[in-house]
Amino acid sequence: METYLYFRKFRPASFVSTQGSATQTLNTITGLGGDDIDSSTEIAGLVVTPADGTNAAIGGNYSHPGAGGNLTLATSAINSMSNSVLVFDNSTQDSGNGYTFESGDIITITFQQGLETSFMYPASSLMGIEATATGQTTLRFRSLKNNNQDDVVAINHDNGKYENIVNGINAIINGKNHGGVVTVIDGSDGKTVLSPELQGLGVDGLIYTPESGY
Amino acid sequence: MAENYLFFAIDGNNDADKDAIMFPASGFKGAVSTNSTTLEFFFVDTETIAENDDVSCTISANNHKTVCGEFASLANGNRNNTNNFTVIRDLNGDLPSNEGAISAAGISDISAMTITTS
C-alpha cells in the first residue's frame, strides 16, 4: 500500500499593501515561508480602498467607491507577478479594468491555489533527504515530468533539527496509521498544519522547486 | 499484492487518440496544482522513451487537497482476487444506451480532463 505525501506552500489569508506613493507596484508580499509568488494564478482577488474621494484615472468598468470605500478590481488587469511583487495596470494600460493608484490607497490581496501551490508525491518517489543548511532540510523526489532532474522540496525549520525531520518523514511513510494521503505540511491561509510527526520542530517554510515549470 | 490499474476517460467514445488511458498505480509519479481549478496527475510514460504522461483535471476551485485524498484512496484500493480495475474518472456520456461508465464514474469533482502522452 502506497503512502502519498501532500504539501501546500505557506501563504497568508490576505496581504495589505498601503501605497506610499502613486505607483502601480504594490509592496512585496510577505508571510510566504521562503517561496516567492511568481504567478498571478495565485491571486484570488484585489480590493482597493481609495484614500481620496475622487480619482479620474480608473477603468471604465469601475465606479469610484469614495474615500474609504471598497472596490473590487479585475485580476485580468494584473500586469505582472514576480518575486512576490504585483504590478497592476493603470487606466492608460487597460482602459476598462486598469486603476491608477494614488498615494495612501490601500490594496488588499487574497490568495488561492495557483501554479505549483500544492503538490503530492508517492512516498516511493522519495530519493533522499539531505541537510542543506542549519535550519533547512531538503527532500528530493523523482520528477513529475522525468526531464532528468529531481524535484526538490526544502523545509525550513529550527536550527539543528535535521535528524528530527528525517525521523518524522520516516515515521510518516512507515507508520501504520497511514496508507492514503498524508498532509505533511499545509501552510495555507496563514495557518500551519503539520503532520504530527513534524510538530515541535519549528517548521516555518516550504520551498518547492520542480525540475521545470508546469 | 495485485497491481491496481487506474482508468481515465474524457467525454468521447473511447475511439480516438487520448479519449481514454489506463496506468498502473505503481506508475504514478505525483500531482501538482497548475491553477485554482486544475490539478495535473503524472505517470511514467507509457512508451518509456520520453517525458512522463499526464492527465490535467478540471476541479472545483481550491479543492486540490480533497481530490488528492480521493485519488489516494482509489489508488490504494486494490484487493486480492478482484480485477483491480479502478476508475479515477470516466466522463463518457454518449455511449450506447445500454452502456455507460465502465464501472463507477470515479471522482465526481473532476469535470473535464486533458490527456497528454509523449
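All of the numbers you see were taken from the coordinates with simple rules; none came from a lab. These numbers were taken from a predicted model, which means no experiment stands behind them. Because the Cβ atoms are built from the backbone with ideal geometry, glycine has one as well, and the counts that use them run over all protein chains shown.
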On Cα atoms only, tilt of A:162-174 relative to the major axis of chain A in degrees
80
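Taking every pair of Cα atoms in region A:12-111, average 1/r, invert it to obtain the Kirkwood radius, and report Rg/Rh to two decimals.
So for region A:12-111, dividing Rg by the Kirkwood Rh gives 0.94.
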Determine one quarter of the surface area of the Cα convex hull of region A:77-118, which equals its mean projected area, and express it in nm² to one decimal.
3.8
Compute the normalised compactness of the protein assembly as shown: alpha-carbon radius of gyration over 2.2 N^0.38 Å, N being the residue count.
1.13
Please give me the summed charge of the neighbours of A:Ile29: other residues whose Cβ is under 13 Å from its Cβ, Lys and Arg +1, Asp and Glu -1.
-2
Residue by residue through region A:65-82, which ³J(HN,Hα) values in whole Hz follow from phi under the Karplus form 6.51 cos²θ - 1.76 cosθ + 1.60 (θ = phi - 60°), with glycine and proline marked x?
x, x, 4, x, x, 10, 10, 7, 9, 7, 5, 5, 8, 5, 7, 7, 9, 8
Tensor-based shape of region A:126-214 (alpha-carbon gyration tensor, a/c under 1.5 rounded, otherwise prolate or oblate):
rounded
Pull up all non-local amide H partners of A:Gly180: gap of 5 or more, or a different chain, and H-to-H distance under 5 Å with H placed in the peptide plane.
A:Tyr4
Among residues other than A:Gly202 whose Cβ falls under 13 Å from its Cβ, what is the net charge (Lys/Arg +1, Asp/Glu -1)?
-1
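Count charges around B:Ala20 for me, please; just the other residues with Cβ under 11 Å from its Cβ, Lys/Arg as +1, Asp/Glu as -1. Write down the numbers at each step before the final one.
Working: positive: B:Lys18, B:Arg89; negative: B:Asp11, B:Asp15, B:Asp17, B:Asp19, B:Asp90.
Taking every Cβ under 11 Å from that of B:Ala20, the sum is -3.
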Whole-Hz couplings from phi, Karplus 6.51/-1.76/1.60, listed for region A:36-51; x for Gly and Pro
4, 8, 10, 9, 5, 5, 7, 8, 7, x, 9, 10, 9, 10, x, 7
